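I have a structure here, written as structure tokens, and I will follow up with some questions on it.
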Amino acid sequence: MIKSFHPPLRTLMGPGPSDVHPRVLAAMARPTIGHLDPAFIGMMDEIKQLLQYALRTDNPLTMPVSAPGSAGMEACFVNLVEPGDKVIVCQNGVFGGRMKENVERFGGVALMVEDVWGTAVSVDKVRALMEQHDDIKILAFVHAETSTGVCSDAQALCRLARDYGCLTVVDAVTSLGGIQLEVDQWGIDALYSGTQKCLSAPPGISPVTFSERALSKVGKRTNRIPSWFLDKTLVMGYWGEGQQRAYHHTAPVNALYGLHEALVMLQEEGIENAWQRHALHHQALRDGLEAMGLKMSVAADIRLPQLNSVSIPEGVREAEVRGHLLDAYGLEIGAGLGALAGKVWRIGLMGTSCTRRHVMLCLDALENTLIEQGADVASGRAAVAAAAVYAGAK
Ligand SMILES: *Cc1c(COP(=O)(O)O)cnc(C)c1O
């Protein structure tokens, strides 16, 4: 007889999912009601308002796609890319490569701007490519590259796109809730995010928003959007205004209770305060890691506070370290991806996982584990350095 599944207790400090707050888990355990129940529709409207608050936008088309961040990505490209459209795709990590894949599958022509993994998207290279072609339709880039821990200058890239008359598609899966993100002020046209990173809601939902300009391109399409499920013009019959909602698909009712609660918590804290919290705990973690003798692998001016790439010291058996953190401390940190596999650890400080308790546990567990492995790290200094950051912040 197979028994009920009880997950082990974990502390999640990898690239997502992050720890889900007990308030959010409790919300998800409330009774399931119909997805067309008037009470549920009222909650959907609140989710939309809360997402508009978190994304800093008045876009009426702001809603959660009932599928993970990857589906939000696909929703942006499948609606906006028409066959033959030229799209500049910036790649400085894993996720830019997936954008290229999306553009090409929907018949677009991807013009790549490639930057070394661990560096930011080069605004100058994008400008040079826009100078060469006068028929670019879309600029697509990742704001916060979770695979490397790098933040690109979304504001400058969006301004550039405006100057050259093209739309923007922005991956904000890891940026939303962790660092400044301004949809309306920066003039972002289409954006997708995720729930399991800095929002600390359950995985499997993807907030998206489309500007009037983006919707106008969708409205002028002469061929059918090649996806039924992700066609925004159809989904809005369910997520649109008013009480008249038509069945499109069955919403993930309980997961949306969870997202609603996570967004309520973000609003209670205040989005700017959430950005500041991520910056503070990042400083404490960084000072602790450096006091131990470890090195951050990304340059200080482009580092993401919510995703810390740390160089693995010579001779350290990195998979063993992660295994021991998980077994002995219940602590999950991330491995390097692609070009950075075996070279870095990725330590997440996202949403509910961005607290002093998380920082201190991680420093203590990592220090002890490295010392047990015979690595050359300073003992007892990390916690002192981190505590000094907190004392200074008072
Ligand atoms: C996690 C992530 C995604 C994919 O989200 P899923 O929910 O795993 O599909 C896309 N882009 C970035 C930058 C991410 O960090």
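How high is the relative contact order of the range 271-392? Use alpha-carbon pairs under 8 Å, at least six apart in sequence, and give a whole percent.
38 percent
Could you state the principal axis extents of the C-alpha atoms in the range 1-157, from the largest down, to the nearest angstrom?
60, 37, 35
Relative contact order for the chain: what is it in percent, counting Cα pairs under 8 Å that are at least 6 residues apart?
That works out to 23 percent.
Give me the one-decimal Kirkwood hydrodynamic radius in Å for the chain, with the sum taken over alpha-carbon pairs.
With all distinct Cα pairs of the chain included, I get 21.8 Å.
Using only alpha carbon positions, build the gyration tensor of the range 160-288, then give the equivalent ellipsoid semi-axes as the square roots of 5 times its eigenvalues, largest first, whole angstrom.
30, 22, 12
May I ask you to give the average projected area over all directions of the convex hull of the Cα atoms of the range 148-228, in nm² rounded to one decimal?
Convex hull of Cα atoms, orientation-averaged projection: 6.7 nm².
How large are Rg and Dmax for the range 271-392 when calculated on the C-alpha trace, in angstrom?
Over the range 271-392's Cα set, Rg and Dmax evaluate to 13.5, 42 Å.
At 7 Å along the Cα-to-beta-carbon direction for both Arg357 and Gln49, put a label point, then send me their distance in nm to one decimal.
Label-label distance for Arg357 and Gln49, simple model: 3.1 nm.
Please give me, ordered by residue number, the chymotrypsin sites (Phe, Trp or Tyr not before Pro) of the range 237-273 that lie in loop per DSSP and have at most 10 other Cβ atoms within 10 Å.
In loop regions of the range 237-273 (DSSP not H, G, I, E or B), the sparsely surrounded chymotrypsin sites (Phe, Trp or Tyr not before Pro) are Tyr247.
Based on DSSP loop calls and a cut-off of at most 15 other Cβ atoms within 10 Å, the longest stretch of the chain free of exposed GluC sites (Glu not before Pro) is what?
1-181
At a temperature of 25 °C and a viscosity of 0.890 mPa s, determine how fast the range 239-314 diffuses translationally according to Stokes-Einstein, using the Kirkwood radius over alpha-carbon pairs as Rh; express D in µm²/s, rounded to the nearest whole number.
Stokes-Einstein gives a translational diffusion coefficient of 152 µm²/s.
Still on this model: Could you state the angle between the C-alpha long axis of helix 123-132 and the longest principal axis of the C-alpha atoms of the chain, as a value from 0 to 90 degrees rounded to the nearest 10?
Relative to the chain, helix 123-132 is tipped by roughly 30 degrees.
Residue-wise, which Karplus ³J(HN,Hα) couplings in Hz belong to the range 260-265, taking 6.51 cos²θ - 1.76 cosθ + 1.60, θ = phi - 60°, and x for glycine or proline?
With the stated coefficients, the range 260-265 comes to 4, 5, 5, 6, 4, 5 Hz.
Same structure again: Send over a whole-number figure in Å² for the accessible area per residue of the range 21-268, probe 1.4 Å.
Value returned for the range 21-268: 38 Å² of accessible area per residue.
Follow-up question, since we're still on this one. Helix 356-372 sits at what angle to the longest principal axis of the chain, using alpha carbons and giving 0 to 90 degrees rounded to 10?
Helix 356-372 sits at roughly 50 degrees to that axis.
In addition: Within the chain, how many lysine pairs that are 8 or more places apart, or on different chains, have C-alpha atoms less than 22 Å apart?
19
What is the spin-label model distance, in nm, from Glu101 to Asp135 if the labels are put 7 Å beyond Cα along the C-beta direction?
Taking the two extended label points, one gets 2.9 nm.
So, one more: Between helix 38-55 and the chain, what is the angle of the helix's C-alpha long axis to the longest principal axis, kept within 0 to 90° and rounded to the nearest 10?
Helix 38-55 sits at roughly 70 degrees to that axis.
I need the phi-derived Karplus couplings for the range 197-203: 6.51 cos²θ - 1.76 cosθ + 1.60, θ = phi - 60°, integer Hz, Gly and Pro marked x.
Listing the rounded values in order: 9, 7, 7, 6, 9, x, x Hz.
The values are calculated or read from the model by the stated rules, or taken from the named source; none is laboratory data. The structure presented is a predicted model; accordingly, all values stated were derived computationally and were not measured. Using ideal geometry, Cβ is built from the backbone for each residue, glycine included, and neighbour counts are taken over all protein chains shown. Surface accessibility is based on the protein's heavy atoms, side chains included, excluding ligands, DNA and RNA. Shrake-Rupley method; radii C 1.70, N 1.55, O 1.52, S 1.80 Å.
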